[in-house]
Amino acid sequence: MNRLKRYTLAGILFVSVFGTLSHFLYQLSGNSFLVGLFAPVGESTWEHIKLLFFPMLFYSLWMSVRLRKEEPGVIPALAVGNLAGCVLIPTIFYTYSGVLGFHLLSLDIITFLVSVLAAFALALRLTPNGKIRKYEPVLVAVIALIAVLFFVFTYGPPEIGLFAEPGI
């Protein structure tokens, strides 16, 4: 197994474990403002996207430092994977809960894990593609913008469904 695949498998494990643990981190920190910027502070779908976004961002930074020379497409590929995983969480959640009329913790966990797997699978597939490298500055800027939006909307969310506690 090559280094890219090993790092990808380790990333899936890292994000799955630390994403799950981060669900409880805000409460365990005594509702620390700083921790709340990176970990969910409530049960909204938006806050739950943090479970994937920040652990994958941190792992991506670490992975990029180690693989950038041998895999120049790793940074934009991981950015696309992170974005795709973040889109999948609300897509799967709202689809299944809309069809069923309610949500289940077990399906929420499966949604998270499927999103993590899809994010890293996409990144693995895109990394060898040299064409993606030209989009790196834009993708890095989009990831940075989303991080800022998480910081802003954590404590000042808009009044739309994505930011509301699920009522189903």
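The values are calculated or read from the model by the stated rules, or taken from the named source; none is laboratory data. Quick caveat, the model's predicted, so the values are computed rather than measured. Methodologically, a virtual Cβ is constructed for each residue, glycine included, from the backbone with ideal geometry; neighbour enumeration extends over all protein chains shown.
Observations, loosely collected:
- Taking the range 1-26 as the range and being surrounded by 14 or more Cβ atoms within 10 Å (Cβ to Cβ), more than 16 Å from Phe153 (Cα to Cα) and of a type outside the set (Gly, Ala, Ser) as the test, the residues that pass are Leu4, Tyr7, Thr8, Ile12, Phe14, Val15, Phe18, Thr20, His23, Leu25.
- For the range 111-168, the tally of residues that are of a type in the set (Val, Ile, Thr), farther than 19 Å from Gly42 by Cα and part of a helix (DSSP H, G or I) stands at 7.
- Filtering Ala121, Ala164 for residues that are under 22 Å from Ser60 (Cβ atoms) and aliphatic (A, V, I, L, M) leaves a single hit, Ala121.
- Scope the range 66-106; condition part of a helix (DSSP H, G or I), touching a residue at least 12 places away in the same chain (Cβ under 8 Å) and either touching a Cys at 6+ places or on another chain (Cβ under 7 Å) or over 17 Å from Ile146 (Cβ atoms) (or both); matching residues: Arg66, Leu67, Val74, Ile92, Phe93, Tyr94, Tyr96, Ser97
- Every residue from the range 125-168 that is polar (S, T, N, Q) and under 19 Å from the mean Cα position of the chain (by Cα): Thr127, Thr154
- When Leu13 is tested against (1) closer than 20 Å to Leu162 by Cα; (2) free of Cβ contacts under 8 Å to residues at least 60 places away in the same chain, just one condition goes unmet, and that condition is (1).
- Looking across the range 16-48, the residues that are β-branched (Val, Ile, Thr) and touching a residue at least 60 places away in the same chain (Cβ under 8 Å) come down to Thr20, Val41, Thr45.
- Per this entry, Ala123 is counted among residues that are in contact with a Gly (Cβ under 9 Å, 6 or more places away or on another chain) and under 15 Å from Thr8 (Cβ atoms).
- Test: residue in the range 81-102 that is modelled with pLDDT under 95 and on the phi > 0 side of the Ramachandran plot: yes
- Among the conditions (1) at pLDDT 95 or above; (2) of a type in the set (Gly, Ala, Ser); (3) surrounded by fewer than 16 Cβ atoms within 10 Å (Cβ to Cβ), the only one that Gly167 does not satisfy is (1).
- Selection status of Leu122, aliphatic (A, V, I, L, M), at pLDDT 95 or above and in contact with a Phe, Trp or Tyr (Cβ under 8 Å, 6 or more places away or on another chain): no
- The residue list Tyr59, Tyr94 contains one member that is aromatic (Phe, Trp, Tyr), out of contact with any Asp or Glu (no Cβ under 9 Å at 6 or more places or on another chain) and closer than 15 Å to Thr127 by Cβ, which is Tyr59.
- Any hit, the range 31-52, residues being basic (Lys, Arg), closer than 24 Å to Ile92 by Cα and either at pLDDT below 95 or touching a helix residue (DSSP H, G or I) at 6+ places or on another chain (Cβ under 9 Å) (or both): yes
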